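The values are calculated or read from the model by the stated rules, or taken from the named source; none is laboratory data. Every value quoted in this text rests on a predicted model; they were computed, and no experiment measured them. Cβ coordinates were reconstructed from backbone atoms using ideal geometry, including for glycine residues, and neighbour counts include every protein chain displayed.
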Amino acid sequence: MDQRNPAHRELQLIHAYSLFLEADVVAARVCRDFVRAVLLALGRTDAIATAVLCTSELVTNVHLHTKGATMIRIYVDPLRLRVSVYDEDPAVPAPRD
C-alpha cells in the first residue's frame, strides 16, 4: 500500500455520538456537558462555545414546548460539526406570526 495515502487517515474519519434523555429539567445541562466533553475529546476546542450555546437553546425549547424525550446527535469530521436535537412529539410546531 502507498504510505502517502493510508486507508484510515484521521482526516477521513467521521465521529458520531448520540445521547437520549427523558424529559427533565436537567436535560439542557446534561446535553451541554455532553457536547463539551465530545468536542474536548476530539480536540475541537474552537467550536465548544458556539456548539454548547446552540445546544442549550435547542434542548431548552424541547423541554419547554414538548413532553417527550430528547435525543442529541453530534457528527464531527475535520471540516464540519453538526449538532442535531430531536424530540418525540409527533406534532409539527405551529408557525408564529
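Residue under question is THR66, and the condition is that it be closer than 17 Å to ASP89 by Cα and out of contact with any Pro (no Cβ under 8 Å at 6 or more places or on another chain); does it hold? Walk me through how you get there before you give the answer.
Working: closer than 17 Å to ASP89 by Cα: yes; out of contact with any Pro (no Cβ under 8 Å at 6 or more places or on another chain): yes.
Here the answer is yes, as THR66 does meet what is asked.
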_From ASP87, ASP77, residue being buried (at least 16 other Cβ atoms within 10 Å of the Cβ) and either at pLDDT below 90 or among the charged types (D, E, K, R) (or both)_ = ASP87
*Would you mind stating whether LEU19 is assigned to a helix (DSSP H, G or I) and hydrophobic (A, V, I, L, M, F, W, C)?*
no
*asked:* Just the residues that are without any contact (Cβ under 8 Å) to a residue 60 or more places away in the chain, out of contact with any Asp or Glu (no Cβ under 9 Å at 6 or more places or on another chain), assigned to a loop (DSSP other than H, G, I, E, B) and within 22 Å of ALA16 (Cα to Cα), please, taken from segment 58-89.
replied: LEU79, ARG80, GLU88
